[in-house]
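Here is the structure we will look at.
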Amino acid sequence: MFESIVPAGLEVLHAERGHSPGVRVGPLLLISGMLGRDAELAVVAEPEAQMMQLFENLGLVLAEAGCGWRDLAELTAYFTHLQRDFELFMEVRNRFVGKPYPAMTMIGIAELAQPGLICEVKGIAILPDPELLSDRER
């Protein structure tokens, strides 16, 4: 059995698109592909702002499940222009993700769900055991 994770701001994905932004399965949080779209699914046009929104959306799922950025075990990123956008992606990612770094895979693809999207990121986090971690360690 699993539990859907649907944070405020991403409800439209569950209600209208028929998928969960995240799924809690045992000690794992499986995070659906996050995109640089706002709460109404409008694409953020400017590349850096789009990537910031993508990571902010991912952060909403982590927080709703009781996780933090340090709980990420794996990220998979899909790019419509991998070579062009790699450095910008890493710059933005590093504003959110620090050591210990998660495992990471980057894949170049032909297109994403809506015109104008340049990157999609999905992830896996390990849910923290609240009995083992203090609030400061999260």
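Just so it is clear, none of the values below were taken in a lab; they were calculated from the coordinates. On a predicted model such as this, the values are computed, not experimentally measured, just so you know. For neighbour counting, all protein chains shown are included, and Cβ atoms are generated from backbone atoms with ideal geometry for every residue, glycine included.
Amide H to amide H under 5 Å from residue 108: which residues, 5+ apart in sequence or cross-chain, H placed 1.01 Å off N in plane?
Result for residue 108 returns 79.
Please turn the phi angles of the stretch 34-44 into ³J(HN,Hα) values with the Karplus equation 6.51 cos²θ - 1.76 cosθ + 1.60 (θ = phi - 60°), one per residue in order, whole Hz, x for glycine and proline.
My calculation for the stretch 34-44 gives 9, 10, x, 10, 7, 5, 9, 6, 7, 6, 7 Hz in order.
With the Cα gyration tensor of the chain giving a ≥ b ≥ c as the square roots of its eigenvalues, does the rule (a/c under 1.5 for rounded; else a/b larger than b/c for prolate; else oblate) give rounded, prolate or oblate? Before the final figure, lay out the partial values.
Values: a/c = 1.91, a/b = 1.32, b/c = 1.45.
Taking the square roots of the gyration eigenvalues as a ≥ b ≥ c, the chain is oblate.
Step through the residues of the stretch 52-58 one at a time and calculate ³J(HN,Hα) from phi using the Karplus curve (6.51 cos²θ - 1.76 cosθ + 1.60, θ = phi - 60°), rounding each to whole Hz and writing x for Gly and Pro.
4, 4, 4, 6, 5, 5, 4
Compute the relative contact order of the chain as a whole-number percentage, counting only Cα pairs closer than 8 Å that sit 6 or more residues apart in sequence.
Details: 246 pairs, mean separation 40.2, N = 138.
Once divided by the residue count of the chain, the mean separation gives 29 percent.
For the ranges 23-33, 96-106, what's the packing order if you count other beta-carbon atoms within 10 Å of each residue, average per peptide, and put the highest first? Walk me through the numbers before you get to the answer.
Details: 23-33: 17.5, 96-106: 12.5.
Sorting 23-33, 96-106 by mean packing, highest first, produces 23-33, 96-106.
For every helix of n ≥ 4 consecutive DSSP H residues, a contribution of -39,500 (n - 2.57) applies; sum these over the chain, divide by its total residues, and give [θ] at 222 nm rounded to the nearest 500 deg cm²/dmol. Write out the running numbers ahead of the final one.
Working: 3 runs with 38 residues, N = 138.
My calculation for the chain gives -8500 deg cm²/dmol from helical runs alone.
³J(HN,Hα) across the stretch 83-97 via Karplus (A = 6.51, B = -1.76, C = 1.60, θ = phi - 60°), whole Hz, x for Gly/Pro?
These are the phi-based 3J(HN,Hα) values: 5, 5, 9, 4, 4, 4, 4, 5, 4, 5, 3, 5, 6, 10, 9 Hz.
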